[in-house]
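The values are calculated or read from the model by the stated rules, or taken from the named source; none is laboratory data. Here the structure is a predicted model, which is why all the values come from computation and not from measurement. Because the Cβ atoms are built from the backbone with ideal geometry, glycine has one as well, and the counts that use them run over all protein chains shown.
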Amino acid sequence: MFLEMHRDELELEIWQRLDLVTDPELDEPITDMGFVERVDVNTDSNLVEVEFRLPTYWCSPNFAFLMAFDIRHEIGKLSWVHKIKVTLNDHCFADRVNDGVNGGKDFIEVFSEYCNGDDLNSIRVKFLEKAFVRRQETVLLGLEASGFSGPRIVSMTLAQLDAIDFAGGEEEKQKPRYRELLLSQGLAKTSDDPAFVTWEGEQLTAAGLRDYLAQLRGVRINMEFNGALCRGLQSTRYKEVEIGEDGPTLIDFIQNRVPPRVSEARN
């Protein structure tokens with residue numbers, strides 16, 4: 001009984017690390033997307049095995065490698081983990097991704113013909129910019145909905161943003177995630193620094209706020225559509241939506257109407 005309880009606790013720690021791994025294009029946790037198929041902990045050898053899948057057989061090798069790499073990286077932060085095996089299933093480049101990530105190879109070494117000379121870090125930065133934009137827009141719109149004026153928003157310091165309690169909603173979820181990127185990318189360093197700057201580090205202005213929000217909206221809509229499409233393709237591929245007797249419709253492909261089976265298993 002103790003061993004089983006211990007194993008459950010260890011697996012919970014693994015799932016908590018996996019919650020931090022995001023689909024790089026959508027900025028959503030792979031656990032929420034239902035990508036993780038299996039987690040297994042061998043308590044004798046402290047080996048952790050994780051199997052995951054993507055919505056389509058031909059998902060970009062950039063995305064696949066980055067997620068596999070991040071799975072291994074996050075789990076590797078746990079001091080009790082001695083060995084890690086990450087397995088991507090049902091993908092056209094599964095063998096190359098699995099061999100590369102588990103063998104400690106660089107992305108360029110594995111996918112030199114697809115990366116145009118970009119290393120993993122440069123690819124990651126491109127996706128971090130989209131994540132930054134999406135998180136920032138949510139916080140900005142949340143402030144507007146709470147009655148903050150444009151001049152007050154653009155002059156807000158990080159300390160002032162920290163003091164705001166959204167008390168629910170997507171803005172409450174995205175505020176710490178936005179703050180994390182703001183600091184990790186060096187866009188803010190002290191509590192007195194501006195809370196809102198562009199990805200290039202330029203402070204926002206009240207006069208330009210509406211146009212800036214329109215730009216952010218365009219990025220967010222694209223990400224939301226891609227997210228709906230991914231969920232729909234995934235559900236259809238793995239038969240996790242109910243298809244009518246006349247076959248799948250467009251909405252079956254772009255709308256996820258049934259929670260992923262992996263999420264159900266976790267609950």
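Some notes on this structure:
- Of the residues making up the range 126-180, those that are over 18 Å from Asp193 (Cα atoms), more than 20 Å from the chain's Cα centre (by Cα) and hydroxyl-bearing (Ser, Thr, Tyr) are Ser146, Ser149.
- For the range 75-91, filtering for residues that are touching a residue at least 12 places away in the same chain (Cβ under 8 Å) and either assigned to a loop (DSSP other than H, G, I, E, B) or under 14 Å from Leu54 (Cα atoms) (or both) leaves 11.
- Leu182 meets the conditions (1) modelled with pLDDT of 95 or more; (2) out of contact with any Phe, Trp or Tyr (no Cβ under 7 Å at 6 or more places or on another chain); (3) part of a loop (DSSP other than H, G, I, E, B) in every case but one. The failed one is (3).
- Applying the condition of being surrounded by fewer than 18 Cβ atoms within 10 Å (Cβ to Cβ) and not small (Gly, Ala, Ser) to the range 224-235 and asking which residue is modelled with the highest pLDDT yields Glu224.
- Looking only at the range 52-88, and only at residues there that are crowded, with 17+ Cβ neighbours inside 10 Å and not hydrophobic (A, V, I, L, M, F, W, C), the one that is nearest to the chain's Cα centre (by Cα): Asp70
- Checking the stated criteria, Asn116 turns out not to satisfy the condition of being closer than 30 Å to Glu9 by Cβ and more than 17 Å from the chain's Cα centre (by Cα).
- Hits in the range 185-226 (condition: in a loop (DSSP other than H, G, I, E, B), without any contact (Cβ under 8 Å) to a residue 60 or more places away in the chain and closer than 17 Å to Gly142 by Cβ): Ala195, Leu204
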